[in-house]
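Heads up: the structure comes next, in C-alpha cells.
The values are calculated or read from the model by the stated rules, or taken from the named source; none is laboratory data. Computed from a prediction, not measured in an experiment: that's the story for all the values here. Virtual Cβ from ideal backbone geometry, glycine too; neighbours counted across all protein chains shown. Side chains are part of the model used for accessible areas, which takes the heavy atoms of the whole protein and leaves out ligands, DNA and RNA. Shrake-Rupley method; radii C 1.70, N 1.55, O 1.52, S 1.80 Å.
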Amino acid sequence: MNILVTGGAGYIGSITTAELIRAGHAVIVLDNLSQGHAAAVHPDATFIQGDLSDHAILSWLFDAHPNIDSIMHFASHTLVGESMQHPLKYLRDNTVNAANLLEHATTHGVQRFILSSTANLFNTPRTIPIAEYEAIIPGSPYGESKFFIERMLHWFACTSGLRYACLRYFNAAGGTPERGEDHTPETHLIPLILQVALGQRPHITIFGNDYPTRDGTCIRDYIHVLDLAHAHMLALDHLDHLQSHAYNLGNGTGFTVLEVIEAARRITGHPIPTVVGPRRQGDPPTLVASSERIRQELGWNPRYPHLDDIIRSAWEWHRAHPHGYQSPWSPPPVPSTSSGK
Ligand code: UFG
C-alpha cells in the first residue's frame, strides 16, 4: 500500500513507518519536525517537512502523490499536562489540523484512515480494565481533542464512506535498536527515569503519592511501541471489514510510578533517587486497558507484554543514544560573511 504517515518523524510514527517499510509498504512521511527528528525517518520513506495547518502543502502533497491509499495520523500535540496549561493549543490545533487532513484526503479520494487516539478519553472509568464501551469522559483538553477527531471520523464515514480505525493507546514505551523516545522537553516517565540512570538528571520527581492506589502513585498500563506499530498494521489489513472503529491498546496490567522506578533500578543497576512532588494536573489515578476487542477481532497479540522487557528495550536505546537523535558533537557554526545590515 501507499501510506501517508503524519508525524512519521516522531516516536511512535517513526517506529511504525519503519515497520511498514519492513513489511513492503511505500511510506510518505509528513512531519513539521516540531517534536520529531529527521534522523528518525526511515531512509526508504519519502520525507516531506510540512505542517498540517498549511493547506498549500497538503494540496501539493496529494496532487504530487495521487497513489496514496491510506493515512496513519500520528501528528499531534500529545501532552496531557501541557494541555491543561494551554488548552487551545490542543482543542484548536489538533482538531483543525485533523480536519484539514481529512478535507484534503477525501477530496483526493483517500478513504482509509487510522487515528492515534488515547487512553485519556477515560478520566473516571467505572470499570478497570477499561473496555471500549466505557463512558467517554476526557481527562484533559488533549483527550477532548482526540475524542472530537474520533467523532469527525465517524461523520466522514457516514457522509463519504471513509473507512477508519481509532487506536487508543495507553502508555507507549520502549524502543528498537534504531529508534526510541526523544522529546524536548522530555516529560514522560520512562525516558526521564533513564536519564537519571545515565547521570543526566539528579533524581526523578514523583507527581503525587496521595492517589487512591496501592502505593499512592498513579497506575498506568505500559505498552511496547512495536506492539502499537503492529496494531496499526493489523488495523490497516482489516480496514475494509472492521467490526468496530475503536480499539483500546494496552497490556492489561497496571504499574504504579514507584513500581516502574523499581523495575528501572533492576534493569539499569542505578539507584535512581526520587523526590515526591505535587500531583500533575490532568493525571487520572489509574488507566489500565482491556484490549480484548482487538485481540478477538483482529488477532492482536503483544510480543513484549512484560514491563521489564519494555524498559530494557528503552534502556538499550537510551544507552546507545544518550543524547537522543542529536549527534554527540555539533559541527562549529559557519562564520557569517556579512553583517546582514
Ligand atoms: N510521572 C511522574 N514524574 C514524571 C513524569 C511522569 O511521576 O516526571 C507520572 C505521571 O504523573 C503519570 C505517569 O508517570 O502518572 C506516566 O506519565 P507520562 O507523562 O509518562 O505519561 P501520561 O500518562 O501522562 O501520558 C501518556 C501519553 C498521552 C496518553 C497517555 C495515556 O503522553 O499522550 O499516556 O495514558 F494520553
Self-check item: Gap separating the Cα centres of the range 156-174 and the range 263-305, nearest whole Å
Solution: 21 Å
Quiz item: Which of the trypsin sites (Lys or Arg not before Pro) found in the range 126-197 are in a DSSP loop and have at most 12 neighbouring Cβ atoms, other than their own, within 10 Å?
Solution: ARG126
Self-check item: Whole-number percent relative contact order across the chain, with pairs defined as alpha carbons under 8 Å at least 6 apart
Solution: 18 percent
Quiz item: About its Cα centre, what dipole magnitude does the chain give when the only charges are +1 on Lys and Arg Cβ and -1 on Asp and Glu Cβ, stated in debye to the nearest 20?
Solution: 480 debye
Practice problem: Would you mind getting me the FRET efficiency between THR107 and ASP240? Use the beta-carbon distance for r and R0 = 22 Å, nearest 0.05. | Solution: 0.55
Self-check item: Rg over Rh, two decimals, the range 106-197 (C-alpha only, Kirkwood Rh)
Solution: 1.06
Quiz prompt | Accessible-area composition of the chain, carbon plus sulfur, in percent [1.4 Å probe] | solution = 54 percent
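Quick one: accessible area per residue over the chain, 1.4 Å probe, rounded to a whole number of Å²?
Ligands and nucleic acids excluded, the figure is 44 Å² per residue.
In units of 2.2 N^0.38 Å, what is the alpha-carbon radius of gyration of the chain?
0.99
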Practice problem: Output the relative contact order of the range 141-297, whole-number percent, from Cα pairs under 8 angstrom with separation of 6+ residues. | Solution: 31 percent
Practice problem: Using only the alpha carbons of the range 236-323, determine the length spanned along each of the three principal axes and report them from longest to shortest in whole angstroms. | Solution: 50, 33, 23
Self-check item: Fraction of alpha-carbon pairs over 22 Å apart in the range 19-115 - percent
Solution: 31 percent
Quiz item: So how far apart, in nm, are the two label points at LEU88 and GLU316 if each is 7 Å from Cα heading toward Cβ?
Solution: 4.6 nm
Quiz item: Given a cut-off of under 8 Å on Cα pairs at least six residues apart, what relative contact order in percent is computed for the range 5-163?
Solution: 20 percent
Quiz prompt | Extension gain, TYR325 back to ALA135 (0.36 nm per residue minus Cα-Cα distance, nm) | solution = 64.5 nm
Exercise. Can you tell me the alpha carbon radius of gyration of the range 64-157 divided by the globular rule-of-thumb value 2.2 N^0.38 Å?
Key: 1.17
Quiz item: Mind checking the alpha-carbon convex hull of the range 180-234 and giving the volume per residue in Å³?
Solution: 120 Å³
Quiz item: At 222 nm, what helix-only mean residue ellipticity would the chain give, in deg cm²/dmol to the nearest 500, using -39500 (n - 2.57) for each DSSP H run of four or more?
Solution: -10500 deg cm²/dmol
Quiz item: For the range 220-282, rounded, prolate or oblate, judged on the Cα gyration tensor with a ≥ b ≥ c (square roots of eigenvalues), a/c < 1.5 rounded, else prolate if a/b > b/c?
Solution: prolate
Quiz prompt | Label point distance in nm, HIS55-THR253, each placed 7 Å from Cα along Cα→Cβ | solution = 5.1 nm
